[in-house]
1. Within the set of pairs 6+ apart or on separate chains, which have a first residue in segment 200-223 that is over 25 Å from residue 67 (Cβ atoms), a second that is away from ligand 2 (no atom under 16 Å from the Cβ) and assigned to a loop (DSSP other than H, G, I, E, B), and C-beta atoms under 7 Å apart?
2. State the number of residues belonging to segment 1-14 that are within 14 Å of ligand 2 (Cβ to nearest atom) and either outside any helix (DSSP H, G or I) or open to solvent by 10 Å² or more (accessible area, probe 1.4 Å) (or both).
3. Restricted to segment 19-44, and to residues that are assigned to a helix (DSSP H, G or I) and closer than 17 Å to residue 115 by Cβ, which residue is farthest from ligand 1 (Cβ to nearest atom)?
4. Mind listing whichever residues of segment 54-68 are open to solvent by 50 Å² or more (accessible area, probe 1.4 Å) and either more than 8 Å from ligand 1 (Cβ to nearest atom) or in contact with a Leu (Cβ under 6 Å, 6 or more places away or on another chain) (or both)?
5. All but one of (1) open to solvent by less than 10 Å² (accessible area, probe 1.4 Å); (2) under 23 Å from residue 361 (Cα atoms) hold for residue 74; which doesn't?
6. Pick from 24, 48, 80, 30: which is open to solvent by 60 Å² or more (accessible area, probe 1.4 Å), modelled with pLDDT of 95 or more and within 16 Å of ligand 2 (Cβ to nearest atom)?
7. Any idea how many residues of segment 264-276 are out of contact with any strand residue (DSSP E or B) (no Cβ under 7 Å at 6 or more places or on another chain) and open to solvent by 10 Å² or more (accessible area, probe 1.4 Å)?
8. State yes or no: is residue 115 open to solvent by less than 10 Å² (accessible area, probe 1.4 Å) and under 27 Å from residue 68 (Cβ atoms)?
Amino acid sequence: MKVMTIFGTRPEAIKMAPLVKKLEKNKDFESVVCVTAQHREMLDMVLELFNIQPDYDLNIMTHGQSIIDITSKALYGLDEVMKKERPDIVLVHGDTTTTLVGAQAAFYNKIKVGHVEAGLRSGNIYSPYPEEMNRRITGTIANIHFAPTMGNKKHLLREGILEENIFVTGNTVIDALLQVVSEDYKFNDDLLDKIDYKEKKVLLLTCHRRENWGKPMENIFNAVKDIVLNNNDVEVVFPMHLNPRIRELAYKIFNNVDRIHLIEPLDYEPFVNLINKCHIIMTDSGGIQEEAPALGKPVIVLRTETERPEAVKAGTVKIAGINEKDIYNSVNILLNDKEEYDRMANAVNPYGDGKACDRIIESLLYYYGKKDSKPQEFSTYSL
Ligand code: UD1
Ligand code: UDP
């Protein structure tokens, strides 16, 4: 069975990498990897870590690209690759423009689509934007749906997807995470190795979402600045996304503020090990909302809603919103109320058990008649 995996951005690469490695090793599959390179440097960091050499690299990224730029370049490029390779199935991941265009190009070529990380819904098509709509349309096109959780499966059933085509697998991000996190990790980086993670309260910040560009991001950065100015024991590490819009604002607001460290994006391995050492995570990222709870770190989400409610229900993730005061207060409570901190700092793992890729492989084999039974669904009850 010829399986073509398609991805283009950092989070898709992290979450597809362990699956690509399993497909490459399994004799039932011929694996073809095509990257759009919607991200360049941030994609290459992941390819190198997991030692993946793509068969096709469309190299589409340009600085300050629009969604239309990515869509049109990726669609032309992917169409050509699909006509040449004619895979039995294309696997796309998640909710980016590469995801949607990968599914579209496959559909136009009458090639089957498997959607990894299917069924997450925020209920608001403008948040995350354009990701919520990307994921919904990809779900409409896909033939097979790999839903991380039972909740994600319920969304798909409600939208009329047949149960026989949905496989609950857990999220492959936990497979990736477990491969790289270790308790005695050393960064080999002057700044990160020097920080006293026991005596200081280190906040890890990430922020990149399109719907936060402009005023919301200003509010977020101003709240972070006030938190640092009012708490002498707090340090902030902010690995900045390479998007120039975010970096310009960060340099403007955090200019010369002591104890706020603006650094380049980190490789995946140091990044998750940094999560593991920090006190609190402040983020608008999707993937980090799944990783940090697994490591027992409280997460303050810099958004108004989430398509990942499981860890909110479990109590380790809090939606702070995008107003300066609300963000400030949410973090301040965690900094000063030990009971509240301990309540949130419980390690929970609603998103996976590290076996999502195995379940996806088994599901593909079952779908194509090479296995008699559907693999057992991932459920938090079985952990
Ligand atoms: C994209 C995805 C978003 C995902 C995010 C993960 C879309 C519309 N957006 O958003 O869903 O959550 O990736 O990070 O699919 N850049 C570089 N080098 C890189 C990566 C980005 O220089 O390796 C800069 C470029 O100037 C680029 C800009 O960042 O034009 C924006 O990249 P883009 O992929 O369009 O948007 P993201 O905000 O990264
Ligand atoms: N990440 C990383 N280096 C960084 C910041 C994030 O490797 O400097 C990882 C993080 O662990 C997670 C993924 O990138 O797995 C999240 O990517 P991002 O926030 O760009 O996208 P999202 O998850 O919001 O789509």
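The values are calculated or read from the model by the stated rules, or taken from the named source; none is laboratory data. What you are looking at is a predicted structure, and each value in this text was computed from that prediction instead of being measured. Cβ placement follows ideal geometry from the backbone for every residue including glycine, while neighbour counts extend to all protein chains displayed. Accessible surface areas use protein heavy atoms only, side chains included; no ligands, DNA or RNA. Shrake-Rupley method; radii C 1.70, N 1.55, O 1.52, S 1.80 Å.
1. 200/233; 201/233; 201/279; 202/279; 203/279
2. 6
3. Looking at residues that are assigned to a helix (DSSP H, G or I) and closer than 17 Å to residue 115 by Cβ, I get 23.
4. Listed by number, the residues that qualify are 55, 57, 59, 68.
5. It is condition (2) that residue 74 fails.
6. Answer to the selection: 48.
7. 5
8. Yes: the conditions hold for residue 115.
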